[in-house]
Amino acid sequence: MKGKEADGLVPVLLLAFLAVNGCGDGGRALAELPPAQPVTYFSGPVPRNIAHRGGKGLFPENTLYAFERSLALGVQILELDVWSTRDGKIVILHDEKVDRTTDGSGSIRTMTLEQVRQLDAAWWFSLDGGASYPLRGRGIGIPTLEEAFRAFPQARFCIEIKQDKPGIEREVVALVEAGGMTEKVCLGSFFDPVVEKVRGLNPGIATGAGTLGILLFLVTPLDLLETLDIPAAAFQIPEEQLGIPVLTPDFLHKARQLGIETHVWTINDPEDMRRILGMGAEGIITDYPDRLKAVIAAGF
């Protein structure tokens, strides 16, 4: 080899040498470049766009189909709900019964996973008030929590444990740990004892607060809260609970002072989104993450 052919080969060989051996005292090999920062539940900018049940206003709720498309929209966190089947598998579903969202009927807790696999989780999904059901028969089913972790290992999940008796906290925590998702999830429940049990099983997993915990935080003065160990890493709250206004300037101020994020559900109107983000909430849980994306992009 000679002439122009040899000249053209020199840069290629030089790059290959540098990639393996570095580039002198002031350089580093490509393999030694610092790794990308790991994804955690609280990484990235606020406000957070959190897709309620995976964005149920746009897609069949609590399905891998919905999760994939919401993530493609740029959603930061996927919110979902879990129950157990009769044979102890943790599945993603909002209601205890499958009637509202699938072509089946009955309690999810009386079914085996094999039976659940037969259900069409997009059966009742419609974007035109029931005039059409465009995703029927497309193989969109009720997923397991393990499947969601495997499908989207870099995603973040806000997981509500719906079932309190018999408890499934141990099974949920085990799946989080086995899936390497300990820093990418926040576990919560309306039932305070469920949240407490999760914290006892693995204090390293972020948790929300139960109904009582939220109301106690609401009425407790900041100076007293500052003397306490508040275990919640984030609050997922409605604007009001049990007829009591929860989303107040004082609640937001106290949470911010203690380093606890506040995520408000379920907010679907753009005007409400702008108002709540203007109050200082760090995130919104919405059925329409596309609307929230536009609100955030516009600077509220």
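Here, each number is a calculation from the coordinates, and none is a lab measurement. Just so you know, these numbers come straight off a predicted model, no measurement behind them. Backbone-built Cβ (ideal geometry, glycine too); neighbour counts: all protein chains shown.
What is the number of the single condition among (1) over 24 Å from residue 114 (Cβ atoms); (2) in a loop (DSSP other than H, G, I, E, B); (3) charged (D, E, K, R) that residue 136 does not meet?
(1)
Quick check on my filter: what residues within region 47-75 are in a helix (DSSP H, G or I) and among the hydroxyl-bearing types (Ser, Thr, Tyr)?
Restricting attention to region 47-75, the residues satisfying the condition of being in a helix (DSSP H, G or I) are 52-54, 64-73.
Within region 47-75, 65, 70 meet the criteria.
Can you tell me which residue within region 76-97, out of those that are touching a Phe, Trp or Tyr at 6+ places or on another chain (Cβ under 9 Å) and assigned to a strand (DSSP E or B), is nearest to residue 121 (Cα to Cα)?
92
Would you mind finding the one in 100, 109, 117, 69 that is in contact with a Lys or Arg (Cβ under 8 Å, 6 or more places away or on another chain) and either over 16 Å from residue 149 (Cβ atoms) or surrounded by fewer than 19 Cβ atoms within 10 Å (Cβ to Cβ) (or both)? Steps first, answer last, please.
Values: 100 fails: in contact with a Lys or Arg (Cβ under 8 Å, 6 or more places away or on another chain); 117 fails: in contact with a Lys or Arg (Cβ under 8 Å, 6 or more places away or on another chain); 69 fails: in contact with a Lys or Arg (Cβ under 8 Å, 6 or more places away or on another chain).
Step by step, each of 100, 109, 117, 69 is checked, and only 109 is in contact with a Lys or Arg (Cβ under 8 Å, 6 or more places away or on another chain) and either over 16 Å from residue 149 (Cβ atoms) or surrounded by fewer than 19 Cβ atoms within 10 Å (Cβ to Cβ) (or both).
Can you tell me which of (1) in contact with a helix residue (DSSP H, G or I) (Cβ under 7 Å, 6 or more places away or on another chain); (2) surrounded by 14 or more Cβ atoms within 10 Å (Cβ to Cβ); (3) closer than 28 Å to residue 61 by Cα is the one residue 212 doesn't meet?
Of the numbered conditions (1) in contact with a helix residue (DSSP H, G or I) (Cβ under 7 Å, 6 or more places away or on another chain); (2) surrounded by 14 or more Cβ atoms within 10 Å (Cβ to Cβ); (3) closer than 28 Å to residue 61 by Cα, the odd one out for residue 212 is (2).
Filter region 155-165 down to the residues that are in a loop (DSSP other than H, G, I, E, B), in contact with a helix residue (DSSP H, G or I) (Cβ under 9 Å, 6 or more places away or on another chain) and in contact (Cβ under 8 Å) with a residue 40 or more places away in the chain and list them by number. If you could, list the steps in order and put the result at the bottom.
Within region 155-165, the subset in a loop (DSSP other than H, G, I, E, B) is 155-156, 162-165.
Keeping just the survivors that are in contact with a helix residue (DSSP H, G or I) (Cβ under 9 Å, 6 or more places away or on another chain) gives 155, 163-164.
Within region 155-165, 155, 163 qualify.
Hey, among the residues in region 256-280 that are under 17 Å from the mean Cα position of the chain (by Cα) and not hydroxyl-bearing (Ser, Thr, Tyr), which one's farthest from residue 208 (Cα to Cα)? Don't jump to the end; show me each part of the working.
First, pick out the residues of region 256-280 that are under 17 Å from the mean Cα position of the chain (by Cα): 260-267.
Narrowing further to those that are not hydroxyl-bearing (Ser, Thr, Tyr): 260-261, 263-265, 267.
Working: 260: 10, 261: 10, 263: 10, 264: 12, 265: 13, 267: 18 Å.
Looking at residues that are under 17 Å from the mean Cα position of the chain (by Cα) and not hydroxyl-bearing (Ser, Thr, Tyr), I get 267.
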